[in-house]
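The values are calculated or read from the model by the stated rules, or taken from the named source; none is laboratory data. On a predicted model such as this, the values are computed, not experimentally measured, just so you know. Cβ atoms come from the backbone with ideal geometry, glycine included; neighbour counts cover every protein chain shown. Ligands, DNA and RNA are excluded from the accessible area calculation, which covers all protein heavy atoms including side chains. Shrake-Rupley method; radii C 1.70, N 1.55, O 1.52, S 1.80 Å.
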Amino acid sequence: MSQKGVRMDTAQLDGIRIGRRHLRFDPITDDDATIAAHLEQLSVPALIASVVGITGDPSLLRTAIRPREFIQNEFQGKMTPAELAELRRRALAGVTAWRDAGCPQPRDPSPELIRETMEWINCGPVPDDYAALYAEEMDLAGANPRAIGLAGDAVIPPGFSVLIIGLGEAGLLAALRLQEAGIAFEIIEKNDDVGGTWYENSYPGCRVDVASHFYSYSFTHADQFSDYYARQPELHRYFRALMNEFGIGEHVHWGHEVTRAEWDEDAGRWTVTATAADGTRLTRSATVVFAGVGFLNRPLIPDFPGLERFAGPVFHAAQWDHDVDLTGARVALVGAGASGFQIGPAIVDDVAALAVFQRTPQWMAPNPRYHAAVGDGEHWAMRHLPGYSRWYRFMLMLQSSDKMLDLVRADENWPDFPRTANAASAARREVFVNWITDQLGEDPALMAKVTPNYPPMAKRMLQDNGSWLRCLRRDHVELVTDPILGIDETGILTESGHHDTDVIVLATGFRASEMLWPMDIIGRDGVSIADWWDGKPAAYNGISVPGFPNFFIFSGPGTGLAHAGSVMFMTECQMRYAGAALQTLIEGGHRSIEPSEAAYHRYRDRLQTEISALMWGHPSIEHSWYKAADGNVYVLSPWRSVDYWTMTGAVDPDDHVLNGAHR
C-alpha cells in the first residue's frame, strides 16, 4: 500500500475521475425515418425531457398535451395514442434539428428547468427535498456531487490508508471513490472475482428484481443492459468491466477471507487478518476499514432431520453445483421465496418432476417488463439522446423510492387488520389477488395455496410476469405446503407423505441478521462487535458504531430495503457519509472518528420506534428473513429514501467523537 504525504495533483487524477461519464453520447447519423422508428419504442415522457434538455426550450412542457397519471411500471404517463404520436412528432423535429446542427453538447440545464421537467413527468409538484435528491442522482451537469470532497490543498498524511473487506458492489464503489480522491487503499476478497452476491449466486434464472437502469451506479452510463431486469451474468460483467477499466483489480488480495479485524488505540490503526483456502494467513494494517460484505452472503442451511442421509446431490441456491445435470431428474426445490421464485420457472422445462416446498406464499407484483429485453429504440436513445437515460432513471426512482412505505404502516384499528395493514394495503391486495385470479381462477385449490394471508409488502415482494404461476400449473410440478418432517436417502417426508427425489435444492435464504458473521471485529478495549450488539445489530446511520473507530459498514444494520428502491442508491449514500468522515480526518488532522454513544443510541431507538409502526416485525408475520431470532427486525430501513439521503449527506460534528476524546 502506497504511502501518501502530499495530495495527488489534477493531472494524475485525470485518468481515474468519474466526472461526466454518465452524460456521454454518440452523435446521431441516422436519417429521419430511422430516428422516427426508434422514437416509437421510447418512453415519451423521458423522450420529451431529453429533447427539452437538448434544445433548452421548455415549450414542449407547456402545451395542453402532458402526462395524465404517473403510476408503477407504466412509462407513458397514461396518455392516449394520439397524444403520444403528437409528442413524438414534435420530439422528432427537435432531434433532427439537433442532428443537423452537428449534435452540439447541450448546455447544463438550469435548476428551474430540471424542476419543471420533474413536475411535468410526475403530473404534480415534487417536494423540495425530493427535487434536490433527484437532481443529485441524475447529475445532469456532470458535477460529480458524490465524490469525496477533499479540499484542493488537503494533504493526505503519510501512511493513511483504507482497507476494504469485500469486492461486491459496495466494495467496488468504495474503491472507485477512494481512487478518484487519491486515497491509498487495498481490498481483501474471499472469492476469485469481483461481484459479491452477483458472482456467488449463479443459479438458473438469477436476475435483479429492481430495474437494471436504477440497480446500477448513478455515475455510469445506462446503456449497459440487455434486459430491463438484468440477469446475473450481465450484472457480473458490469462490475468486472468497471473493475478492469479503473484498474481496481491491482489493489485486491484475491481468495482470502477476513477472519479478524482489531483496533489498536495506541497506533490508531486496524490490523486485519485473512486466510486463504490453503491456510495461508495474510495480515494487513490500515487507518480505516470499510466492511463491504453485506448481509445476504452467508447461506442458511435449515436443520432438517436426516438431511445428511440423502443419497443425491444437495446444494444451496447460492452455491449452485453446475456439475449436476438436472435434465430428466426429479428435483425438490425447498423454498418459494425470491430465489425459488426464479429457479422454478428456469428449470421446469428440463426436469422430469419438480416438487416445490413452500412454507408461506409470497405476494407478486405484476410487471410485464420483468423478463423483457430492452428494445433497439431504447438502446439507441440511451446512446444518442443526451439526458434520455437520466430521465428514465428518474422515472424508475420516482416510482420505486418511497411510494410503497405507507402500505406497511400498521393501523390496528383497521377492520381487516392484520390481513391488510390499512386502506391502501387493502386496495393493493385487491390488485394482487386479481392478478392471481386472472391466472388461476379455474384452479381454486392452487389459488388458495399461493395467496398470502398477510399484507402486501409485509414480506419481500416479488416481481412477476406470470412465469411463476405458469410453472406451478405444469403437470409435472407439485406445490407442497405441509411442513417438512425429515429427509431420508431417497427423498423428503412431509405430513402428506414421502416425496421421492433425485436432487434437493435449498432456496432457503441467508443468515441476514448475523451481521458481519463470522468475522471477529474487535474494537477499543478488546470489545467485539458481536458482544456489543448481543444479537441486536445496530449502527449510526446503519454505518458506524461507537467503540469501533474508523470502521464503516456498508449495507449494515437498518439499511435493507423492503419498500422498493435500490441497494446501490443506499450504498452510494453510505459512501457519501464515509467519504465525509475521511474528509474530516484528513483535513482536520485527526486520527479517528466514531459516533458518540448518545448519538448511536438515539438513532437506534428512533429506528426501532419507526420499525415498530410497520408490519415487517408484527407478530402475525411468520417465516420472514427480516426477523432475527428474537422476533425483532434489525436489518431493514424504515426511512424514506430522501430521509436516508439527508441523514448521510454530511458528518454531524455534534454526533461524533474525534480522536477518542470521550475516553
Kindly indicate whether any position in the stretch 129-141 is farther than 22 Å from E378 by Cβ, touching a helix residue (DSSP H, G or I) at 6+ places or on another chain (Cβ under 6 Å) and surrounded by fewer than 19 Cβ atoms within 10 Å (Cβ to Cβ). yes
Only residues that are within 13 Å of M243 (Cβ to Cβ) and surrounded by fewer than 22 Cβ atoms within 10 Å (Cβ to Cβ): list them for the stretch 161-191, please. Q179, N191
What residue, among those in the stretch 22-42 that are free of Cβ contacts under 8 Å to residues at least 12 places away in the same chain and assigned to a helix (DSSP H, G or I), is most open to solvent (accessible area, probe 1.4 Å)? A33
Total residues in the stretch 514-531, condition assigned to a loop (DSSP other than H, G, I, E, B), touching a residue at least 24 places away in the same chain (Cβ under 8 Å) and either buried (at least 22 other Cβ atoms within 10 Å of the Cβ) or among the hydrophobic types (A, V, I, L, M, F, W, C) (or both): 5
Any idea which of E262, E250, E245 is under 23 Å from R390 (Cα atoms) and open to solvent by 40 Å² or more (accessible area, probe 1.4 Å)? E245
Residue set M457, M447; condition touching a Leu at 6+ places or on another chain (Cβ under 6 Å), assigned to a loop (DSSP other than H, G, I, E, B) and of a type outside the set (D, E, K, R); output residue M457
List pairs: first residue in the stretch 583-605 and touching a residue at least 60 places away in the same chain (Cβ under 8 Å), second residue small (G, A, S) and assigned to a helix (DSSP H, G or I) anywhere in the structure, Cβ distance under 8 angstrom, at least six positions apart or on different chains. I593/A581
Within the set of pairs 6+ apart or on separate chains, which have a first residue in the stretch 461-474 that is under 23 Å from A211 (Cα atoms), a second that is charged (D, E, K, R) and assigned to a loop (DSSP other than H, G, I, E, B), and C-beta atoms under 9 Å apart? M461/D209; L462/D209; Q463/D209; Q463/R369; N465/R369
Counted residues, the stretch 618-646 - those being crowded, with 22+ Cβ neighbours inside 10 Å and either assigned to a helix (DSSP H, G or I) or free of Cβ contacts under 8 Å to residues at least 24 places away in the same chain (or both): 4
Counting only residues that are open to solvent by 60 Å² or more (accessible area, probe 1.4 Å) and either touching a residue at least 24 places away in the same chain (Cβ under 8 Å) or of a type in the set (V, I, T) (or both), the stretch 76-96 contains a total of 1
Going through the stretch 308-337 in order, the residues found to be open to solvent by less than 30 Å² (accessible area, probe 1.4 Å) and either under 30 Å from I543 (Cβ atoms) or not in a loop (DSSP other than H, G, I, E, B) (or both) are F315, H316, A317, A318, V331, A332, L333, V334, G337
Test: P313 is over 15 Å from G166 (Cβ atoms) and in contact with a Gly (Cβ under 8 Å, 6 or more places away or on another chain): no
Quick one: which of T275, T287 is touching a residue at least 12 places away in the same chain (Cβ under 8 Å) and open to solvent by 20 Å² or more (accessible area, probe 1.4 Å)? T275
